[in-house]
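For reference, the structure is listed below as structure tokens.
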Amino acid sequence: MKIHLVDGTYELFRHYYALPSARDDEGREVAAVRGVLASVLGMIKAGVTHIAVATDHVIESFRNELWRGYKTGEGIETDLLAQFPLLEEVLAAAGVVVWPMVEFEADDALAAAAVAAPLQVFPPATTIKAPHFVDYVLTTLRQRYRISPGSGGGYRVVTSLDLTLQAKAEAAVTTQVSRAGNYYNFHDAALVSLDPQTGEILAMVGGANYNAPGGQINMATSPTRQVGSAFKIFTYSAALESKTVNMDSPILDAPLVFPIGGTNNGPTRRPTTTAAGTARSR
């Protein structure tokens, strides 16, 4: 439910000075009232279902006791003042909630209503495809080439991203978090897919939900994140590239001991191959 609060005093003043004069059969000035009524009815026609209008039925404010001359009726044209009760009458006849303020001001009524109304919180949303990758590109352009969106250079940036693979990567991250996250107590994930020949980024998912609190942090590139077992593939790749080992080379699945202390990745197993170690994250 959306509640629309209207400052009737402001609207009446605005229409009074914006519209040409118009009088009814009794000779009363009614142009401003017609203008406000048309505006409110336009809101209803557009689909608004909950409207309240606050007016200063009495112009003089109680705040005059605090600040002399804060808000008085001096200098206000008679034709304008006479339209306040008329506006309240026609809006009420149209079924609109009207608060004609006497002891307090219209602003006070609007503020009280805003406090009492249910608070609606709308999380940030983005329609950008691959938002973490876009942020990564913009950061790279800014840091490496001193180019920003406001530079005005008219640059056209071509990237290596494959939107088909990107969609699959995002689906994979979402599936893993939703299926295994509660069981293994993780609630976020990241995925980067590279072209093994060129190193170009084909897909990048920096988190499970970009619009969630903290979701803008790219977990794939954050320098403060502990890489864990993700680093193993780089170790294996470097060893294979150096031709020190091949996929069938035996490796000892045993704990490593460092002078500063260290841990192993579970119980010791028998010797295994590079291929099996890669597959099992040993």
Among the residues of the stretch 131-151, is there at least one that is outside the structural domain of residue 55 (by TED's automatic domain parsing), in contact with a Leu (Cβ under 8 Å, 6 or more places away or on another chain), among the hydrophobic types (A, V, I, L, M, F, W, C) and at pLDDT 90 or above?
yes
Return only the number of the condition from (1) assigned to a helix (DSSP H, G or I); (2) out of contact with any Phe, Trp or Tyr (no Cβ under 7 Å at 6 or more places or on another chain); (3) more than 24 Å from residue 115 (Cβ to Cβ) that residue 43 does not satisfy.
(3)
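What are the residues in the stretch 200-230 that are part of a loop (DSSP other than H, G, I, E, B) and surrounded by 15 or more Cβ atoms within 10 Å (Cβ to Cβ), if any? Don't jump to the end; show me each part of the working.
Our first condition is that a residue be part of a loop (DSSP other than H, G, I, E, B); within the stretch 200-230, this holds for 200, 206-227.
206, 207, 208, 210, 215, 216, 217, 218, 219, 220, 221, listed by residue number.
Considering 167, 171, 189, which residue is within 19 Å of residue 221 (Cβ to Cβ) and either free of Cβ contacts under 8 Å to residues at least 12 places away in the same chain or outside any helix (DSSP H, G or I) (or both)? Explain how you work it out, then say what you get.
Values: 167 fails: within 19 Å of residue 221 (Cβ to Cβ); 171 fails: within 19 Å of residue 221 (Cβ to Cβ).
Exactly one residue qualifies, and that residue is 189.
How many of the residues in the stretch 113-127 are out of contact with any strand residue (DSSP E or B) (no Cβ under 9 Å at 6 or more places or on another chain) and either at pLDDT 85 or above or surrounded by 13 or more Cβ atoms within 10 Å (Cβ to Cβ) (or both)? Please lay out each step first, then the result.
Narrowing the stretch 113-127 to residues out of contact with any strand residue (DSSP E or B) (no Cβ under 9 Å at 6 or more places or on another chain): 115-116, 119-127.
Still in the list and also either at pLDDT 85 or above or surrounded by 13 or more Cβ atoms within 10 Å (Cβ to Cβ) (or both): none.
Of the residues in the stretch 113-127, 0 are out of contact with any strand residue (DSSP E or B) (no Cβ under 9 Å at 6 or more places or on another chain) and either at pLDDT 85 or above or surrounded by 13 or more Cβ atoms within 10 Å (Cβ to Cβ) (or both).
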Looking at (1) in the same structural domain as residue 137 (by TED's automatic domain parsing); (2) over 26 Å from the mean Cα position of the chain (by Cα); (3) not in a loop (DSSP other than H, G, I, E, B), which one does residue 236 not meet, given that it meets all the others?
(1)
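Answer yes or no as to whether residue 36 is closer than 15 Å to residue 106 by Cβ, outside any loop (DSSP other than H, G, I, E, B), within 33 Å of the chain's Cα centre (by Cα) and at pLDDT 90 or above.
Values: closer than 15 Å to residue 106 by Cβ: yes; outside any loop (DSSP other than H, G, I, E, B): yes; within 33 Å of the chain's Cα centre (by Cα): no; at pLDDT 90 or above: yes.
So residue 36 does not fit the description; no.
Just need a number here: residues in the stretch 129-158 that are surrounded by fewer than 15 Cβ atoms within 10 Å (Cβ to Cβ) and assigned to a loop (DSSP other than H, G, I, E, B).
Initially, the stretch 129-158 is screened for residues surrounded by fewer than 15 Cβ atoms within 10 Å (Cβ to Cβ), giving 129, 138-140, 142-146, 148-158.
Then keep just the ones that are assigned to a loop (DSSP other than H, G, I, E, B); that gives 129, 146, 148-158.
Final tally of qualifying residues: 13.
Taking the stated definitions as given, is residue 248 modelled with pLDDT of 75 or more, touching a strand residue (DSSP E or B) at 6+ places or on another chain (Cβ under 7 Å) and exposed (fewer than 12 other Cβ atoms within 10 Å of the Cβ)? If you could, list the steps in order and put the result at the bottom.
Details: modelled with pLDDT of 75 or more: yes; touching a strand residue (DSSP E or B) at 6+ places or on another chain (Cβ under 7 Å): yes; exposed (fewer than 12 other Cβ atoms within 10 Å of the Cβ): yes.
Yes; evaluated as a whole, the condition is true for this residue.
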Considering each of 41, 12 in turn, give the residue that is closer than 20 Å to residue 89 by Cβ, assigned by TED's automatic domain parsing to the domain that holds residue 109, out of contact with any helix residue (DSSP H, G or I) (no Cβ under 9 Å at 6 or more places or on another chain) and surrounded by 13 or more Cβ atoms within 10 Å (Cβ to Cβ).
41
Residue satisfying all of: in the stretch 89-112; touching a residue at least 60 places away in the same chain (Cβ under 8 Å) and in a helix (DSSP H, G or I); surrounded by the most Cβ atoms within 10 Å (Cβ to Cβ) among these
91
Give the residue that is nearest to residue 165 (Cα to Cα), with candidates limited to residues of the stretch 192-215 that are touching a Gly at 6+ places or on another chain (Cβ under 9 Å) and at pLDDT 90 or above.
192
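The values are calculated or read from the model by the stated rules, or taken from the named source; none is laboratory data. Only a predicted model underlies this, so the values are computations on that prediction, with no experimental measurement involved. Here Cβ is always computed from backbone atoms with ideal geometry, including for glycine, and neighbour counts include all displayed protein chains.
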